[in-house]
Structure formats: structure tokens, C-alpha cells
Amino acid sequence: MKGDEAAFPRPPQSRPFVFLFRTFILRRIREEKLRALATVLGVALGIAVVLAVRMANQSSVRSFETALQMVAGKTSLEIVGPGSGMREERLLELDWLGRFGQISPVIEGEARASFPSGEREWLKILGVDILRDETFRDYRLVRFADRQEPPAPRKFLELLSDPGAIVLTQKLARRHNLDPGSGLVLDIGDRREALTVRGLLLDRGPARALNGTFALMDIAAAQWLLGRLGRIDRVDLRLKPEISIDRAEAAIGARLPEGLTVQRPSRRGRQVEKMLEAFHFNLTALSHIALLVGLFLIYNTVSLSVITRRREVGILRAVGGSRRQVAGLFLAEAGLLAALGCALGVLLGGWLARGALRLTGSTLDRLYIRSAAEPVSLGPEHLVLAFAVGIPLALLAALVPALEASRVAPTEAVSGADRIESRFRLSWRQRWLPPILSTLAVGFACLDSVDGVPLFGYAACLAIVFAVAFLVPVVLHFSGRAGSRLTGRWTGVEALLANANLSGSIPRTSISVAALAVSLSMVTAITIMIGSFRETVQYWVEQTLRADLFVAPATRSNVYSESTLSPEVVRLISTNPRVAAVDPFNSFNIDYRGRRALLGSGDFEVHLDRSDLLFKAPRQGRSAVRAAIGADAVVVSESFALRHGKEVGDRLELNTPLGRRAFEVAAVYYDYSSDQGVVVLDRSTFRKYYGDRPPRSLAVYLEEGLDPERVRAEILAALPPESRVFVHTNASLKTEVLRIFDNTFTITYALEIIAVAVAILGVATTLVTLILDRKPELALLRWAGAEQRQIRKMVIIEAGLLGAVSQGLGVMAGILLSLILVFVINVQSFGWTIQFHLPAGFLLQSSLLILLATALSGIYPAFRAGRMPPSREA
Amino acid sequence: MLRRVPGGRFGPSCGPDVELRRPVKFRASRRSRPRLLLAAALIACLPAGAGWAQNWRQARPDYRLQFPRDHASHPEYRIEWWYYTGNLADSSSRRFGFQLTFFRVGVRARPENPSRWAVRDLFMAHLALSDLETGRFHFAERLNRAGPGWAGASTKTYRVWNESWEAGLGSDGRHRLRARDGDFGIDLELEPGRRPLLHGQAGLSQKGSREGNASHYYSLTRMPTRGRIRIDGQEFEVGGLGWMDHEFGTSFLGPEQIGWDWFALQLDNGQDLMLFQIRRSDGRLAPYSGGTLLEASGQSYALGGSDVTMEPARTWQSPHSGARYPIQWRLSLPGRKLRLTVTAAQPDQELRTPRSTQVTYWEGAVVVTGTRGADPVAGRGYLEMTGYAGRSMADVFRGGSGE
């Protein structure tokens, strides 16, 4: 400010800025409480949504990672097999690991516990040889709690040695009133087993993981219970303190026999983080729409503040206020509103996080990992995020109007040009920016993802959004012209006046119209994308789900579940005389180049005879699959192919128990069950490399002409009573798939609705301002004979018109955005092709709804306008 | 009266000092009660399911020990151990003592769980090395279930192992011992030496009045040994004499024993002597004490209580456990005209085994001097003393868990 002080005399206060701020801004805010409140609320909602989504995302990754760390204990490295563990004899090949430290083989599984209260919880079961494992993890049993040491390993072993023995956490036991000696019913795969609680773990070490849903068993009992006789899931290694982990990792990696890999336990955490990256990134991007709209609101408010006070600004400048002071005042207004908004947003965000977690949780459970029950708590990191992002962005948003205010010449006030310029002029921004931004959007849309994250896709979206924003005044201008022709002929005087008012205040209204149009365009785009996706999935389900019945373990909760069907169930179903053919599907999670993928096997013969896949390549997919039978060939899903850049004819290397082997990609098929990618082998090839594994599900084909419902009932009746099996008919599975699909997008809609609500808030505040600004005009109208009712009607029509223009623009831009979503962002983040589909009916409905909502938002301004007393003074 | 010394985690404390017994005369008995006690301690904390005895075979008088067959494992019996001790020296006469023991303790004869990890037996092992020049004592323990083959004892040929520690019979008839923990270990070959000395009645060592309450027990008392040992990363070529005990059985001892003292001595006149006494909680010696003497001629004599007196002469208090051990003994076998003084080759040879057997005991190399009639005799051997520290043997027998 120093330079300006030389040129202009100082205002008569010792602290001029504070004084000016108080009189110029605060007083105004007090007068316009409602507008200020709406702005603060808008920013708060934006910040809250961003925070809530961030916290929900963090919870899922963090709960997995903390659980991982807590269970890993002192494990420095782990030896893993080529997916789904390894055969236990392989341990004998690992004798030499003793030179690096101690090893402990581990079985890890999940089971759903049913408690006497009728409640159910998932338990993570760790099966270990306690004789070795006690030095890896800190177990303290309640029984031995009086001693500040873990129980002696042999005593612990005695506790665990009975095949039905399980040790739970004290936390869980308290929740469900269990004691040592209590029975516990577990559902594992398709079986129900009764166990006995032999001990309780104090809340430390692995017992702290997963809110106490951790259970410890003897390795033998866990193998038997989880149906993994002969296998272990991994070998934990605790290095001697003098050996560096990097050196050991390299040395062990070089010496490990074929098929085994050494890694740090954190790799599983990173794998999950990577897996969820796209999902989280897209949620984060969505959450920013609300913030963006909130910032529009700031821009809007400050603009209006500037516009309505040009005269005062002029006077201020005339009495010696510097340009900087003027800009500073408006920026301070933005800063104040933003700070209040951020503070409120932080509080609101913590509260919304729970809802966001619930909404994303079911998707995560279905598609990725068991999610956290509790969101992470609000930490300093979130406060920093809210204020450090919210306030600077708000200041940036306010910069343009603030600078504009600083350019008001002192003479303007004097000459009486104290009103907003109402005449529309096509500025260079409006003329050039939309085409430039559109070109940029097209360019961005053609660029590749950045490490699986569609950064450029979002950049393209942003370009379109700004293009729309700059296009708004032009559209308002032409729609106003068109409107004047229409209203003149067919509608009442109120509509005519409303249209005229809007045409006359384009610079004022365009900002809120832009905000609303932008958020509506996003809603439209997302609606189109989801609609297209749903159509595609529906078509895919119709085409590829051909079996009459689908059998899966009742505990199979998601595509990554490792629950299996017991041999008895498989035998009973395959030998049923009404069953013509069975295609057992087997799958487990593998690590392919640091990413999780699903390795599956099915009976290609049965599949080709009776079912169908939709092939992306080659054209003759069926014959390619037939040729793959008995060969070292795989069929991969589209998402796998895209993620790892594989095409038909390429070779991909899989880690098998027999060592690394190359397989040819025989075909790429469309699949929407997993965005991490699926690699499918024919049963015979699978057996050759991976051995016999129990299937995870069965596709059952019935003899011609049988009623699947009846056979389903017969099959269920024939199964042993303790079996826990889901048998879906074709129709019920299709319904289930779509139900899951719809569930997945609940959060998307929720985020959108918030953004639209914020935008409509913007429209309402704009209208209020317009009305205040037009006080004299309205008074004149009243004086000229307009009734209160007519004034109200006029204002409501204005609001409706704003809504109509916004929605019109929104739909057009939305269609463009949806093209980017469908063809760029989805492909890059999830790797699947979606057939574009325009849900016209839905768009029409939502347009009417928006019109109604904006018209309703005009009610309060309308009443304020109606209350104006008639006056002659214009 | 002998009292336990406090300091162990499991035993109730009874007083700070050890009051030594007057020499007590053995009662005449033909029964032999060797180190099976230590093994008995091993099983005490395992679930004592009702009727376990039916699942395990009892030692019977009609069983004839045959070699090398019976060096191998007898998994149908509940307890089995292989015990090697010996005195060694390198070319510069630097002296060492070693102990390598493998225990197998049955838990469930037929586990219902088909998993390979189901615990049928627990395998334990102790390794100790006395560096008699520096006075340092190194020891380590192992505890494993069989699992995928981490520990075991084969039945066809003699081989017993626990992780990388193993003992077995080579095709040349020699016993091969290999064990290493960190920077100390042994790698030895032991010739069988003299024919196996069968204890009790032809190797059947009666434990109680009931039939079947017995074990099969024999020793190889004088095994020419060579090989290498390693201490603090330094290797020594050594030679000397070893001693092996092998015992298996199912039924166990009464509740009143708190410990025992056991001697394995090789004299320079060709006599080998195994002696032991069991101390009871009431301060008296159990009626099951005695030993076996093997003459240079190959003739062996079972010794009863009246044949031997054992008198503690000097004690040493362990700075680790606080236990006070008699590290010098005066032995007298009047019938054999033997008067011997047995002195620990170094005081600190105490093993503390919190993981595997959960007992603290003293087992170490000893030096023997004395007379046979008018002739001086000398020798070396091993001494084991249990029940002086830590968990009371009586507790172990009572309920087992020490809880």
C-alpha cells in the first residue's frame, strides 16, 4: 500500500482498513444477512462434501492398513505364493531362511460369526503356530493378564490345541457377552461350524485391529476350519536385528524357489490403495463439484457486492481510497465469508463423513475390500485442508470482481453511473474463451491416463465447465431476445416483465446461471453415464449369464471373497439327475505387477457349449477360446487388457506354483464384475499349473424344460442341513447384479444433489440481490398499478426462467461431459467399455424438476419484492 | 532338608537358601530311575485327557531291545528322549563339554484334525557347550511341532531332528550329531564304543509297583568322539569321549519328587558308572535311586541304594536363577571299593529353558578323582541336577500347568 499512500491522502482513521472494512463490508453483511448466510452455507457444504469424501476414502484405506500393521506385528518380510497361498511342503524348501531370522507360517481367513443376540460380525481369523508366532505378535490373554508377559508358548498352545478352539478379543467378547468357554457359531464358505472360545485377548497387538473383530486359532485348526488343509497363506519372516531389510529382501528374492515371492507386508496395503485409487479419485473429483459451485457462489456474492456498490466505491476512491484498498476490502469480504464457510464446513464434514462412509461402504464391500466401520476422526490435516484450500480458492474466486471494483473511477460515482451496466456487450472473454476451451477439452480427451488416473479427462471436463460459464451471458442474451418475442405474444404481462428484467441484468444473473448450469451439467453427465453403464451391464448380464442356476457359498460377499464350496456340495449338485452340466468357477486374487487381479478358471468346454461371452477381440472369440483349451493360453477381461496394455496374441507372465510361466492372450472379453481385471484359464490348464482347488461358485445348466425354481428348491432340500449355500436362479441373479449396480451409485447421486442444492441457493441469493437493486423499479411498478400478486408472480417467473436457461445449458454441456466420462474417464480409471445411451425420459423429468425447484427458490425473493411499498421515486 | 530356591517364574518361593542333606544311604533296590524325570516334566502341562494311557503303549518285560533298531523312534510310547553328553579336547588340550538332547513328548496319539500341523508330539531339544578354558557356558533350546517336517524322529532308521539340529546313525554305524545356534555349535561323530548298557532288567526300568509303569532304557557309555565344535565363531577340531542315553516309555512318576541328581562317569580304569538319586519334597530320598556300573571287562552291575552314598561337598549359587547347586560331590561305593570326588569342571553350567521344557537345571562336565581300593583313579563325566530352581517338579506332576 505504500506506493499508493504517497499519491493519495490517508483516510482520517488511524486504522483505515479496519474502519473501512467495518463500515463498508460488515455493515453490509449485517444488512444482507440472508445472502451472507447463503454464501457461507454454500461454501460450507462444498467444503463439507470434500472433507466427508476424503475422510471416507481415508477410512477404508487406513483401516485396512492399520489392520495390516497391527496384524503384521514384528514381521519384516513375508513370503507369498502365486496367489491363494502355497502348499505347505514348500516350507521345507525354505530352511535356509533361518539365517535371516525366524519364520512363522500363517493362515489368514474370514468367517462370519453369529452371536446369541442374533447380531453378526465378520471376523478376521489368523491361524498360526503359536510356538513360533509368539515372537512375531504381541498376544496378551486376559487369563494371564496379571502377569506382564505373554503366556508361555506351550501354555498358549495347550489353549489352542483342540480343533474347535478359538481365541477372541476381549473387546468383541464384551460386545456380545462372551466368556472363555462360550460357544461360537461361524459361517465359513458354505458351512456352519461350532467353536469354543478358549481365551480372550487384551486390547493390544493384533487384537486392536478391526475394532476387535480379530480371532486367533492354531494353524492346524484354522487349516481345517477354513478348508485349507495342506496349504498355508504366507510365511512371515522376522529378520535378525542386525540384518537390513533391503539387503534381506534382495538376497531372499534371489534365492527363493520358483513360484514364491518375498515382499514387505505393506505391499498388500499399497496394493489395496492402488486398487481403490481410481474409485477414490473419482469420488474426490465428484466431491469437488460442490466445492466448485460453492466458489461460484463466492464469486457471485462478491460480484453482486461490487456491482451494487459502484457508487460507494466511486465515493471511496474520490475521497482518497486507493485501488488496493478497494480490492482489499472486497477480498476481505470473500475471506470472511469463506472462513466462516470453512469453519462450518469442517463441522458439517465430520458429520457427513459417516454418511459418506455408509454409502461407499457397501460398494467397497461388494467390489473391493471389507470396509471400515468408523470414519477416521477429524484431524488437524482436515482443518488444514479445509482452510488452506477453501480460503485461497475463495480469494481467487473473488479476485476478478474485486479487481473490477478497484478499477471504478472516482468520476463514475460523481457522474451518477452508480448502477450496474445493464447493457449486454460481447466481451473478448465471451467471444474467445469458449472456443479455445472447447478445443482444449477435445485435446485433453485424447490424452492417456496418468498412471491409471484420468487427470486429463478431468481437465477436459473442467475446460468444458469453464467454456459453459463464459458462454452463459451470450446464451442469456439470445434467450432473452427469443423470450421477448414469445412472451409478448402468448403470455401475461408478468412474464413479459420477467423476461425483460433478466435481459436487462445479464451481467448480474449470468454468474448464478453459470453456477447452476455447471452443476446441472455435471448431474446430467453423471446421469447419462450411469444410465449408459446400467444399460450396458444389463445387456452384458442378459448375454453372458446363461446358466439356469448359480451356486455360491453364503459367505461370499464380494468378487474378491475367497470362500469356497465344499466338495460335498459340489458333488451333490453335479450328480443331480436334473443337472445337465456344471461349470465350476474358481478364482483367487493374484498380484500382477503390483496390482490386484483375479485369476480364475472355468470349464471352457461347458461354457462354449452352453453360455456366451461378449468378446472385444478377436472377432472370432469363440473359436479363439476353443483353441485355448489345453493350451497355455488365457482369456482376459477388458479391464485387465486395458490396465496392463495387453492385446490378443500378447503373452503375459503369471507366477504359478511351478514358477513363472508365459501365457498367450487368446481373447479379450467384456466384463463388468471387477475393475481390477480378470485372467481366466481353462480348467485343464489351471489344474496343470495350480493344482486342484475347490470352486468358488458353480454355474449349473439344467436339462431342457425344467422349472429352475423347482430344481433350486430340490437342490437346497438335498443339501446337508448345515450347508450355507446361495442358489440363485438366472432371473434372481440378474436382479441382484442390477441391485448391486444401483447401490454402487448412491453416493454419486448424493454428491450431485448437494451440488445442485448449493447452486439453487445461489439462484435464490442472486434474485434477492436483484430485487434489492431494483427497489426503485419495483416501487415504480407498484405505483404504476402492479399488484403485489403480480410482482410476486413476476419474480417467480424470473426464477423459473433462470432455471430453464441453466438446465438447457446444463443438459447440452452435460451431454458433452458424459461423452468424456463414458469414453475417457471410465475407460481410463476402470477399464471398461460403456455403450452410450441417452436416457431421454429421465432428462425430461429432471428438467421439469429443476424448473420447479428454481421457481420455488424464487418464492422468498418474490415475497420480499411484493412487500415493497409503491413509490414514484425511481 | 532340601528346599527349592525362589526365582523361577512358576514356583512358589520357599526360602532363600539350600540346606544340604547329610549323606543318606540308598535303600536296596533294583529299580532304576534315570533322567526320565526331565522328560516327565515336559509332558506335565499338556492336556491330560482321560484315558490317554490307553492310546499309548506301556513298557513291557517281553520287549527285547535290539540295535540299531531301537536307536530309532518309538512313537507308540508317550515319551522318548535321546541324550548325548561328553568331554572333548582339542590338540592343544583346550577342554570342552557338550550336551545335545532331543525330546519327543506325545500329546495326542491320534489327532482328529487331519492337518499336518495337528500336534501329535511336541519336539524339544537342548544344546549346551561348556568352554572350560574361559569358563563360559553356551546353551540354546528348540521347541517345535512336527508341522511340515520341522522336527521329528524317524522310526525306520535312527534320525531325530529339531529344525537344523539333528542326531542320527550313519551307514558306517557312527552317531552323527549336528547342532548350531548362532555362533556356537557342534558337528561330531561318535563311534558306538562298548556294547549298549541295558539298565534295570534287560533294559526294562521299572517305575512303580504297577505293571507297565516302566520304561525302556539303555546307554552307550563310552563313545570315541571326534569332530568340530564352534564357539563365538571360532572352530576347534576336537576329540574325546561321549555318552548316549536313550529312553522311551509312557507311564510316569509319583507326585512327591522335587528333583534329582544324576551322574554319568567314565573312569580311566575302564569303569563306566551311571548313578542317580531322587529327592522328595519331604526331604527324603525316593526309594528309586541307584545306578549301573559297567566294568572294563564288560560285566555290569545294577546298584541299589545301599550300595552308594552321595554327599554334596561344595555349592555354587547361580547368579542367573539364584539357585544353589552342589557342584562337588563325594561318592562312595563301598562294595566296589570306589571312593570318588566329582567336581564341576566349571561352576556355571546352568540351563534355563523357558520355552521348551520350562525348567531350570544344571548339567555340565565334571572331573573325577579318587581311589579304587589303593589305586588312584581319575575320570571325566557329566552331572545333572534338577529341582534346585524354578518350577517345582512336584507342581509339575500335580496339575501341570503351574497355574
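Relative to the globular-protein estimate of 2.2 N^0.38 Å, the Cα radius of gyration of segment A:555-723 stands at 1.08. Volume per residue for segment B:45-198 equals 145 cubic angstrom (convex hull of Cα atoms).
With a 10 Å cut-off around each Cβ of A:726-733, the average count of Cβ atoms from other chains is 0. Ordered by the count of other Cβ atoms within 10 Å of each Cβ, fewest first, A:Phe279, B:Phe263 give A:Phe279, B:Phe263.
Per residue, the protein assembly as shown reaches -13000 deg cm²/dmol at 222 nm when only DSSP H runs of four or more residues are counted, each adding -39500 (n - 2.57). Cross-link partners for A:Lys793 among the aspartates and glutamates, with Cα-Cα distance under 13 Å and sequence neighbours closer than 8 places in the same chain left out: A:Glu494. For the peptide B:142-149, the mean number of other protein chain Cβ atoms found within 10 angstrom of a residue's Cβ is 5. The residues packed around A:Lys240, meaning those with a beta-carbon under 13 Å from its beta-carbon, carry a net charge of +1 if Lys and Arg are +1 and Asp and Glu are -1. Taking the C-alpha atoms only, the angle from helix A:245-255 to the longest principal axis of chain A is near 50 degrees. Per residue, the convex hull spanned by the Cα atoms of segment B:277-390 amounts to 122 cubic angstrom. Both radii come from the Cα set of segment A:76-264: Rg as radius of gyration, Rh as Kirkwood radius; their ratio Rg/Rh reads 0.99.
Peptides A:565-572, B:56-63 ranked from most to least packed, by the mean per-residue count of other Cβ atoms within 10 Å: A:565-572, B:56-63. Principal-axis analysis of the Cα atoms of chain A puts helix A:708-718 at an angle of about 40° to the longest axis. Rounded to the nearest whole Hz, the Karplus-based 3J(HN,Hα) values (6.51 cos²θ - 1.76 cosθ + 1.60, θ = phi - 60°) of segment B:63-73 follow the sequence 7, 9, 5, 10, 10, x, 3, 7, 5, 6, 7, with x at glycine and proline. Which of the residue pairs A:Lys616/A:Lys646; A:Lys74/A:Lys240; A:Lys274/A:Lys734 have a Cα-Cα distance greater than 18 Å in the structure shown? In this structure, A:Lys274/A:Lys734 lie more than 18 Å apart at Cα.
Annotation: the antiparallel percentage among DSSP beta bridges lying fully within chain A is about 75.
Counting only DSSP beta bridges with both residues in segment A:555-723, the antiparallel share comes to about 70 percent.
By the count of other C-beta atoms within 10 Å, a proxy for reagent exposure, A:Trp432, B:Trp150 are ordered fewest to most as A:Trp432, B:Trp150. Computed about its Cα centre, the charge dipole of segment A:119-203 is approximately 120 debye, with only Lys, Arg, Asp and Glu carrying charge at their Cβ. Summed over all non-identical Cα pairs, the Kirkwood treatment of chain A gives a radius of 31.1 Å. The fraction of all Cα pairs in segment A:169-227 landing in successive 10 Å bins from 0 to the largest distance is 22, 52, 26, 0, given as whole percents. The mean sequence separation of alpha-carbon pairs under 8 Å and at least six residues apart, normalised by the residue count of chain A, gives a relative contact order of 17 percent. By other beta-carbon atoms within 10 Å, ranking B:Thr343, B:Thr221 with the fewest at the front produces B:Thr343, B:Thr221.
Would you mind checking the tilt of helix A:380-406 against the longest principal axis of the Cα atoms of chain A, expressed as 0 to 90 degrees and rounded to 10? Around 30 degrees separate the two axes.
Taking every residue in A:127-138 and counting other chain Cβ atoms within 10 Å of its Cβ, the average works out to 2.
Here, each number is a calculation from the coordinates, and none is a lab measurement. Remember, it's a predicted structure, so these values are computed and weren't measured experimentally. Glycine gets a Cβ as well: all are built from the backbone with ideal geometry, and neighbour counts include every protein chain shown.
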